[in-house]
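Below is one structure, written out as structure tokens, with a few remarks after it.
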Amino acid sequence: MYYWYPVYYYLPHSYLFRNYYRQFPEVDPGLLYDSANETKKLMKEVSMVLDRFASSKEFDEQVMTAAQESNVEEVRRLIQSIGITADVDIQVNPDGLRLDFVSRVNDTKCCRLTVALRWNE
């Protein structure tokens, strides 16, 4: 046999008395606009790097060898030789590498695009 029990909901005080008339500051889409355009530039540079990895096994071998030896400066030199202009933070290990492309707008880090590539499981 089933019984029906009425259900009472407790609403927290803050839920009942929200300030629905909060004033928000005026929005300025300038930084978002600039960030989007800078990120598009970063994507072009990432595309250049990936195209190089996809087209040259000799280049891949050089990067992999330097990464396995933890020679970050050589990996950086090889990546920069592609012709990219963005700041790139490079992290390497024997199994792969991680490239963080960073851009700035008005001395503010606005955009970051990260690419992680592996060659060992």
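Tabulated values for the structure
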| item | result |
| --- | --- |
| Matching residues, segment 89-111, being surrounded by 14 or more Cβ atoms within 10 Å (Cβ to Cβ) and in contact with an Asp or Glu (Cβ under 7 Å, 6 or more places away or on another chain) | ASP100, PHE101, VAL102, SER103, VAL105, CYS110, CYS111 |
| Boolean, LEU31 is surrounded by 10 or more Cβ atoms within 10 Å (Cβ to Cβ) and modelled with pLDDT of 90 or more | no |
| Any hit, segment 63-78, residues being assigned to a strand (DSSP E or B), surrounded by 11 or more Cβ atoms within 10 Å (Cβ to Cβ) and not β-branched (Val, Ile, Thr) | no |
| Per-region count, segment 66-121, residues over 30 Å from ALA36 (Cα atoms), touching a Gly at 6+ places or on another chain (Cβ under 8 Å) and hydrophobic (A, V, I, L, M, F, W, C) | 2 |
| Residue match in segment 52-70 (condition: over 16 Å from LEU117 (Cβ atoms) and in contact with a Lys or Arg (Cβ under 8 Å, 6 or more places away or on another chain)) | no |
| Filter result for SER14 (more than 23 Å from ARG112 (Cα to Cα), surrounded by fewer than 12 Cβ atoms within 10 Å (Cβ to Cβ) and modelled with pLDDT of 95 or more) | no |
| Test: residue in segment 48-57 that is out of contact with any Cys (no Cβ under 6 Å at 6 or more places or on another chain), in a loop (DSSP other than H, G, I, E, B), under 30 Å from ASN120 (Cβ atoms) and of a type in the set (Asp, Glu) | no |
| Answer residue from segment 105-121, given it is assigned to a strand (DSSP E or B) and of a type in the set (D, E, K, R) and is farthest from GLU61 (Cα to Cα) among those | LYS109 |
| Residue under evaluation TYR21, criteria (1) assigned to a helix (DSSP H, G or I); (2) over 19 Å from ASP87 (Cβ atoms); (3) at pLDDT below 95, criterion not met | (1) |
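The values are calculated or read from the model by the stated rules, or taken from the named source; none is laboratory data. Since the model is a prediction, treat every value here as computed from it, not as a measurement. No Cβ is skipped: glycine too gets one built from the backbone with ideal geometry, and neighbour counts run over all protein chains shown.
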